[in-house]
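Quick note: the coordinates plus some simple rules give every number you see, no bench work behind them. A quick note: this is a predicted structure, and the numbers were derived from the prediction, not measured. Here the Cβ is made from the backbone with ideal geometry for all residues, glycine too, and neighbour counts use every protein chain on show.
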Amino acid sequence: MSTSGLVGRRKVVIGLAGAAHTAGGGMLATALVVYVGREGSALAVSLLATAFFASSMVFSPLWGAAGDLLGRRRDLLLGLSACTSLVTFGFLFVDGVPGLVGLRGLRSVFAVAFGPLMLSIVRALVGEASRGRSIGFVSSTSAVGDVGAQLSVGVLLGVLLPSSLFLVVGLLSLLATALLVFLDDPNEASGPPPSLRELAANARTRLIPDAAERARLRRSGLMWLYVGIALRHTAIQGVGILVPIYLVGRIGLPPALMGGLLAIGPAAQIGFMPFFGRLADRGERKRLVVGGILLSSVYTLVLAGAVLPATVPVRAVVAAGGFVTIAAGFSAMEVGTVSMIGDSVPSSRESSFVGLRSTAAGAGGVLGPTVVGATATVVGFETAFAIASLLAFAAALLVTVRVEEPTRITPPTTDLQTVEISTGIAQLPGTHRGEKDD
């Protein structure tokens, strides 16, 4: 096989696997909110978000560290994806709010490995200097799956029984697993893998930076980047858990139109991710991060103001503008953040530190729904969204002041080009639509 053909096959496998994985996670997240909301309280619905983000906090960096230690990221990703599929089929046999919430958390234990491990594999395929474009590629293809999930799940909820919908999600997860069989990791370690005892002995040092690395991270301000991510996600995920209720109850949209609006974010990301990936490789990563967080702050204000127009169609247009804004903000922040982390840490620790980004985001995801939801109960949706905007603005200010632009290297002439994927084919309501769930 020619080199160009091999690269093309890799891109198709990565793109389709990412789309299938994200589509399954997005469909499951939305369906669970609907099913739990029918039987349980708003608190029970918020526990779905808590279950996912709690798993993300703990296991995303753990799986990233395991990938670094084993040197077999593709094999680890394949095994964890198979576990994700197995747990997904478990929804066919579980009933009741506690069981659904618990199984949601268990599935997330394995599903959150996809991001840090896949990003590290793709980075190895394209080289150091094209990191931004490779991140844009992975994220944009995942956004295709998110669009399909949001456009289709509303229809499927109306025509399928829960067991049938869970079966569809399980098959999507199984498809993602099967595609990973055809993915190769150019940095795969040779020789026998380390023993479980060796893994356990080294896990702590991999997960926790040593003294030299802590000093380097303090000098670069990267630890403050993690704090900024946590603050931003507290605001956005807190607002996100209320968005479906807000669109229907306060804005006055019918459920079908609500689903269409929720698909705007991931659809816009398909274009924004490659665009910001190119900017990240040509300009400052920090500027993208700060700009992305500021756009997140604007998004919550736009949603708060969407209730002001007198007619529902105009309100829908304003809300749609908010979803485009957050799509641009998330894309810029995501590409800039992962690129900055990759520039600031050794390649042997990249999966671990990308995983720590999910830990920071998970902390915000655990706190946000409770904080913003409680605030909305007392002062109303609009005021709660405005207060959340202040949190995101504070995060942007923190990154501006405390985080330094990492040292750059000259990008090569070749890079991983984005795959042309049709958007005509066919992220936990509680996470903002377009921001990755599983």
Cβ density ranking, 10 Å radius, fewest first, applied to 326, 341 yields 341, 326
Search the structure for amide H atoms under 5 Å from the amide H of residue 72, placed 1.01 Å from N in the peptide plane, and list their residues when 5 or more places away or on another chain. 189
Which order do the peptides 364-372, 306-314 take when ranked by the mean count of other beta-carbon atoms within 10 Å per residue, highest first? 364-372, 306-314
Arrange 390, 157 by Cβ neighbour counts within 10 Å, fewest through most, would you? 390, 157
To the nearest 0.05, what FRET efficiency results for residue 93 and residue 181 with a Förster distance of 25 Å applied to their C-beta separation? 0.40
So for the pair residue 400, residue 310, with labels modelled 7 Å out along Cα→Cβ, what separation do we get in nm? 3.8 nm
Please arrange 84, 50 by counting, for each residue, the other beta carbons lying within 10 Å of its beta carbon, fewest first. 50, 84
